[in-house]
1. Out of the residues in the range 158-168 that are on the phi < 0 side of the Ramachandran plot and part of a strand (DSSP E or B), which is surrounded by the fewest Cβ atoms within 10 Å (Cβ to Cβ)?
2. Quick check: anything in the range 217-225 modelled with pLDDT of 95 or more, surrounded by fewer than 24 Cβ atoms within 10 Å (Cβ to Cβ) and away from the ligand (no atom under 16 Å from the Cβ)?
3. In the range 94-118, what residues are among the small types (G, A, S), outside any loop (DSSP other than H, G, I, E, B) and within 16 Å of the ligand (Cβ to nearest atom)?
4. Select from the range 51-80 the residues that are within 16 Å of the ligand (Cβ to nearest atom) and assigned to a loop (DSSP other than H, G, I, E, B) and list them in ascending order.
5. Quick test for you: out of R105, R85, R73, R54, pick the one residue that is closer than 26 Å to Y209 by Cα and not hydroxyl-bearing (S, T, Y).
6. Return the only residue of G171, G238, G155 being buried (at least 22 other Cβ atoms within 10 Å of the Cβ) and either within 14 Å of the ligand (Cβ to nearest atom) or within 27 Å of E113 (Cα to Cα) (or both).
7. Of the residues that make up the range 184-199, is at least one surrounded by fewer than 15 Cβ atoms within 10 Å (Cβ to Cβ) and within 16 Å of the ligand (Cβ to nearest atom)?
8. Looking for something in a loop (DSSP other than H, G, I, E, B) and hydroxyl-bearing (S, T, Y) - is there at least one such residue anywhere in the range 187-204?
Amino acid sequence: MGKGSIRENLEEVQAQIRAACERAGRDPGEVTLIAVSKTKPVPMLQEAYQAGARDFGENKVQELTDKQPQMPRDVRWHMIGHLQRNKVKYVVGKTALIHSVDSLRLAEEISREAVKQGVTADILVEVNVAGEESKFGVSFGEAEELIRQAAALPGIRVCGLMAIAPYVENGEANRQYFRALKQFAVDMGAKNIDNISMNVLSMGMTGDYVTAVEEGSTCVRVGTGIFGERDSSGQQTGQKAGR
Ligand SMILES: *Cc1c(COP(=O)(O)O)cnc(C)c1O
């Protein structure tokens, strides 16, 4: 995957998403494709933009804020990487969605900053679906409490859940995790917690987005499949080491 031009790759991923939706009886309009542009230079993002991409994902605050002013204003930026509290002020008000909220202290900082700016920050709670030691995110057991606590904060809207499944060659191996996250979102949605929705399920990357869409993803985060391989000297996706 990710071997053609950016336009060809983007069209291929979009076609795969449509086909997965068809198999699952879903409306393709429910699925947002986020072009994960981390480590890639701005001209490549512009190429993706020209091919129709409007949602871009970055995992580092510095990189996001560097690229943002160089791209058209109608781009929706997604913060998908681990977020440190001292960097919250640079992303609130500048991003469409913060995918990676995994602690109450982080949610509180986002809330404070949002109130200060007079905006509402849309967030997802990151769940460590496979219980991997090396990954961020709360366990399923901890997620409900974090959702309730975050929902009670001013300036924050809990819109759903995010997961980074294990790295696999074959996406099929992650189906169980996507299914579990979807079920958890349905369960949370049924609790009628004030000020939350469970409309957004951010799950699926290059290796497993087709399976994720079949299992109900509304937001796939695809990097390699659009922009090609990244320089492998960087840290692995969503991992604690090398942050
Ligand atoms: C890098 C990254 C992705 C995209 O990974 P690919 O395998 O290149 O598609 C998705 N989500 C997060 C959180 C990432 O850091």
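The values are calculated or read from the model by the stated rules, or taken from the named source; none is laboratory data. Computed from a predicted model, the values in this text were never measured in an experiment. When we count neighbours, we look across all protein chains shown, and the Cβ atoms used for this are built from the backbone with ideal geometry, even at glycine.
1. C159
2. no
3. Answer for the range 94-118, where residues must be among the small types (G, A, S), outside any loop (DSSP other than H, G, I, E, B) and within 16 Å of the ligand (Cβ to nearest atom): just S100.
4. Across the range 51-80, the qualifying residues are A53, N59, K60, I80.
5. R54
6. One residue alone meets the criteria, G238.
7. no
8. For the range 187-204, residues in a loop (DSSP other than H, G, I, E, B) and hydroxyl-bearing (S, T, Y): absent.
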